[in-house]
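The structure appears right after this line, and notes come after that.
The values are calculated or read from the model by the stated rules, or taken from the named source; none is laboratory data. Because the structure is predicted, anything quoted here is derived from the model rather than measured. Reconstructed Cβ throughout: ideal geometry from the backbone, glycine too, with neighbour counts over all protein chains shown. Areas reflect the complete protein model, heavy atoms only, side chains present, ligands, DNA and RNA absent. Shrake-Rupley method; radii C 1.70, N 1.55, O 1.52, S 1.80 Å.
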Amino acid sequence: MGQPTGNSDTIGELVMVGIGDICGHLEPVWQSESDSTIMCDLTDSGLPGKWEQLWAKRSGECEFTICCIPFFARKIALGDKVGVRPAGGFEWVIDSVVDDSGNAVYHVIFDEGMAEHDTAERQNELLRNLKALRIECEVFQLGYVAINCPMQSPQCEELERVLNAYSLLGWSQFENAKINT
């Protein structure tokens, strides 16, 4: 998504958001469970003026359960129940986490200096490792993977070993975007 482009304009109370300012999910892990999409303002994630559209299942008047693994939003994970409110010209924007799922989210970014073939090979190796560990993930694009894992589980410990190895080899960097707060 890069840096803000200034594509948002305010007209009276209506906020116009440029399509380039919204990130979506093509293959959410719980797509069959979802019945809605909600928005997350990415300002607190260091991307002012940007939004992430998240697949969700309505669970109350102003509550939804997240059905995808956030690519950019921080402090939100697959399975979290969130409260929403109207904001930024959208009907449903995440306001708070109402019930924490106990899941961690890792963002993995492969070295941009690698050849595309090498990136694809290493990313596919990571995806095979995740499948073997029975850990859910979503691919944003070549070189960027979001991973969901139960916090403080044996799978999470093994995942961190794998991600640390990739980092030590200089193949990728990772961050834990959702830690137990």
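Here the label points at ILE22 and GLU112, each 7 Å from Cα along the C-beta direction, are separated by 2.6 nm in the simple model.
Take the chain with all the other protein chains still there, run a 1.4 Å probe, and you get 54 Å² of accessible area per residue.
Let a ≥ b ≥ c be the square roots of the eigenvalues of the Cα gyration tensor of the stretch 51-91; is it rounded (a/c under 1.5), or, if not, prolate (a/b larger than b/c) or oblate? Walk me through the numbers before you get to the answer.
On the way: a/c = 1.97, a/b = 1.12, b/c = 1.76.
It comes out oblate by the Cα gyration axes.
Quick check on the chain: helices-only [θ] at 222 nm, where DSSP H runs of length 4 and up contribute -39,500 (n - 2.57) each and the sum goes over total residues. Nearest 500, please.
One gets -6000 deg cm²/dmol as the mean residue ellipticity at 222 nm.
Only one item in [x] 7, 15, 12, 14, 20, 18, 10, 4, 0; [y] 10, 36, 35, 16, 3, 0; [z] 9, 34, 31, 18, 8, 1 matches P(r) over Cα pairs in 10 Å bins from 0, in percent derived from the coordinates shown, and that item is [y].
With +1 on the Cβ of every Lys and Arg and -1 on the Cβ of every Asp and Glu, and nothing else charged, how large is the dipole of the chain about its Cα centre, in debye rounded to the nearest 20? Could you put the intermediate results ahead of the total?
Details: 13 positive and 28 negative charges, 59 e Å.
The dipole magnitude comes to about 280 debye.
Computed from backbone phi, the HN-Hα couplings of the stretch 37-52 come to 10, 10, 10, 10, 6, 8, 4, 5, 9, x, 10, x, x, 10, 9, 10 Hz, rounded to whole numbers (Karplus: 6.51 cos²θ - 1.76 cosθ + 1.60, θ = phi - 60°; Gly and Pro given as x).
Which FRET efficiency value, to the nearest 0.05, do you get for GLU121 and GLN155 by plugging their Cβ-Cβ distance into 1/(1 + (r/R0)^6) with R0 = 30 Å? Result of the calculation: an efficiency of 0.80. Computed from Cα atoms, the angle from the helix 116-133 axis to the main principal axis of the chain rounds to 90 degrees.
Of all accessible surface on the chain at a 1.4 Å probe, what whole percent is carbon and sulfur? The partial results should precede the final answer.
Numbers: 4770 of 9820 Å².
For the chain, the apolar C and S fraction of the accessible surface comes to 49 percent.
The amide H of ALA177, built 1.01 Å from its N in the peptide plane, has VAL105, TYR106, HIS107 as neighbours under 5 Å, considering only residues 5 or more places off or on other chains. One Cα centroid belongs to the stretch 53-118, the other to the stretch 121-179; the line between them spans 17 Å.
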